1. Which is farthest toward the positive dipole end of the chain among Gly631, Gly539, Pro505, measuring Cα position about the Cα centre, with Cβ charges +1 (Lys, Arg) and -1 (Asp, Glu)?
2. What dipole magnitude, in Debye to the nearest 20, does region 294-384 give about its Cα centre under +1 on Lys/Arg Cβ and -1 on Asp/Glu Cβ?
3. Charges on Cβ only, +1 for Lys and Arg, -1 for Asp and Glu, centred on the Cα centroid of the chain; of Gly448, Gly520, Cys375, which one is farthest towards the dipole's positive end?
4. What are the residues whose amide H is under 5 Å from the amide H of Val179, where those residues sit 5 or more places off or on another chain and H is modelled from the backbone?
5. What is the chain's relative contact order, in percent, from Cα pairs under 8 angstrom and six or more apart in sequence?
6. Can you compute log10 of I(q)/I(0) for region 151-239 with the Debye formula, treating each Cα as one identical point scatterer, at q = 0.19, 0.21, 0.23 Å⁻¹?
7. Taking R0 as 41 Å, what FRET efficiency do you get between Met360 and Glu466 from their Cβ-Cβ distance, rounded to the nearest 0.05?
8. Hey, how much of the P(r) for region 6-228 falls beyond 28 Å, as a percent of Cα pairs?
Amino acid sequence: TGTNACYMEEMRHIDLVEGDEGRMCINMEWGAFGDDGVLNDIRTEFDREIDMGSLNPGKQLFEKMISGMYMGELVRLILVKMAKEGLLFGGNLTPDLLTTGHFETRYVSAIEKEKEGLQKAHEILTKLGLEPSHEDCVATHRICQIVSTRSANLCGATLAAVLRRIKENKGVDRLRSTVAVDGSVYKKHPHFARRLHKTVRKLLPDCEIRFVRSEDGSGKGAAMVTAVAYRLAAQHKARQKILEALKLSHEQLLEVKQRMRIEMEKGLGKETHAEATVKMLPTYVCSTPDGTEKGDFLALDLGGTNFRVLLVRVRNGMRRGVEMHNKIYSIPVEIMQGTGEELFDHIVHCISDFLEYMGMKGVSLPLGFTFSFPCQQNNLDEAILLQWTKGFKATGCEGEDVVNLLKEAIHRREEFDLDVVAVVNDTVGTMMTCGYEDPYCEIGLIVGTGSNACYMEEMRNVELVEGEEGRMCVNMEWGAFGDSGCLDDIRTEFDMAVDELSLNPGKQRFEKMISGMYLGEIVRNILMDFTKRGLLFRGRISERLKTRGIFETKFLSQIESDCLALLQVRSILQHLGLETTCDDSIIVKEVCTVVARRAAQLCGAGMAAVVDKIRENRGLDFLKVTVGVDGTLYKLHPHFSTVMHETVKQLSPKCEVTFLQSEDGSGKGAALITAVACRIREAGQR
């Protein structure tokens, strides 16, 4: 009788409603299309006459051109005009033909039927008191055809506009969509549906559109809306219940901070060090830069498959600053997994190449070595490799002093001599780099692929090293926090699943809850669980989702980016081979948020334990301190740093903590430690 349409629109385009996530159904009320005059050029005198005689003149103009309430009336007005002009019925008119509403829309359907159409036309016209000829019947059939075809075409054109918008919203090359249709004209007119479909397909050749007839949309539909709302609420509740375990309360975070403090004390104590999980290794770095350092230093950075050699020029006074030159060399797998001699000969070969490249062959320089593998340091220039990690397996190195291995390789080459002053861990390098910029910097933190921290501890508390005076930087190796089972009450089934399938089950449990290498895997495990329970991806687990490691942590950072619309979230998920709806994208985004937030909070709780310890060590009511930070997760994730800073503030209210991002801690840091050591050495000689 009337006409209208609705469709699912992206929330970000609906200014009348708060929120940008997901979609909402829009009731178009399209019958009023043209009320502002935009259709005046295609409206005819008959359309105007119908409008003038209607109950709502000037309103619902589009509806009056296409819907069942007016179609028969349009045909009647055309028949009257043609009769008046002597083109039909021998110029005769009857009272019935002149009465509004006497030519019903069902007559149009009857007259347009394939076989009995002309016969029906004869019957209907006779009923209206006319004596139609065969030609009159043919003409009436043609008029019905023209009116109903225009109606189907107009309806198809507006529908094509809606579908085009959906296609653009989704950003797809080819839209596949279904239109549900109800209404007597669509269902009962013999050709209306076919003409409508044809128009839509003609206007949208790049779309695959199906039409499905609805059975009792208004009754069954209302129940369906209720059922969907009920299902969504139930599923939401089920998901929240699972995610609840990953949401940590203020009390739980305080508890984590206290436990970290207990583990730190164990690591520092001589009696308890052996069984401590947080090892608190002495680094023999006893001073941060004071700004008077100067000179040229070499730095080596070995922490993965790439190896860097750097020349670092440190200037003081008016031109204070650091200038760096470096070159990156790769380490072939056969050398990583060959003998120790081959590995260190390769390193020395790279140093030789670099010195030649810099035109400094034959110059003897102090050298700092960033060696990011677990070591026991007995001095600033002595580090015993405890075990290889990150795919290295070179024989004859574990249990050996890496400085000696390097010196021996230099002597074997007999080309140059270097003074190896310091071996450092990348966390300590980060602290030193920031310490050069900010004298308050006494803590180093890395949150990247892995995670670790170091800080300046009072010598009297470092029981593994003789001496009570001054301070020493302690490499916490905090990734192993929780290996004793002290975090079991907050670890979830997802953490356990990730741990079990990792290369080192039961080890580095804290790191596995907070660092970049594992967060994506935690998210993937949660998504799998949701899907198995039918709460996501319509319960279909794709082969891709079963693949370990596909959900890289960089995707977490991308998905949580504020400027990213759900469309882009969907394209990231599609890139992973996951077919998703908009609702799925919202859920995935929420899971990413919960996992990353927990990581940042745990990291903050660990850091709160460190700053509180420094404050208490110094007997201060209030501590002002800076943390030097490096690592991809901290730098690239849109919210990680903010959440971590907030957590430290909440858990350590008596400390004012500033976070300073480090630029190249492992390279520049090693050179600065060497520079500080040289400054102290020279002062001692003087």
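The values are calculated or read from the model by the stated rules, or taken from the named source; none is laboratory data. Note that this is a predicted model, so its numbers are computed, not measured. With ideal geometry, Cβ positions are generated from the backbone for all residues, glycine too; neighbour counts draw on all protein chains shown. Side chains are part of the model used for accessible areas, which takes the heavy atoms of the whole protein and leaves out ligands, DNA and RNA. Shrake-Rupley method; radii C 1.70, N 1.55, O 1.52, S 1.80 Å.
1. Comparing the listed Cα positions along the dipole, Gly539 ranks first.
2. On the way: 8 positive and 11 negative charges, 154 e Å.
About 740 debye.
3. Farthest towards the positive end: Gly520.
4. Result for Val179 returns Arg210, Phe211, Val212.
5. It comes to 12 percent, rounded to a whole number.
6. For region 151-239, the Cα-only Debye profile gives -0.94, -1.02, -1.08.
7. Plugging the Cβ-Cβ distance into 1/(1 + (r/R0)^6) gives 0.60.
8. Result: 40 percent of Cα pairs exceed 28 Å.
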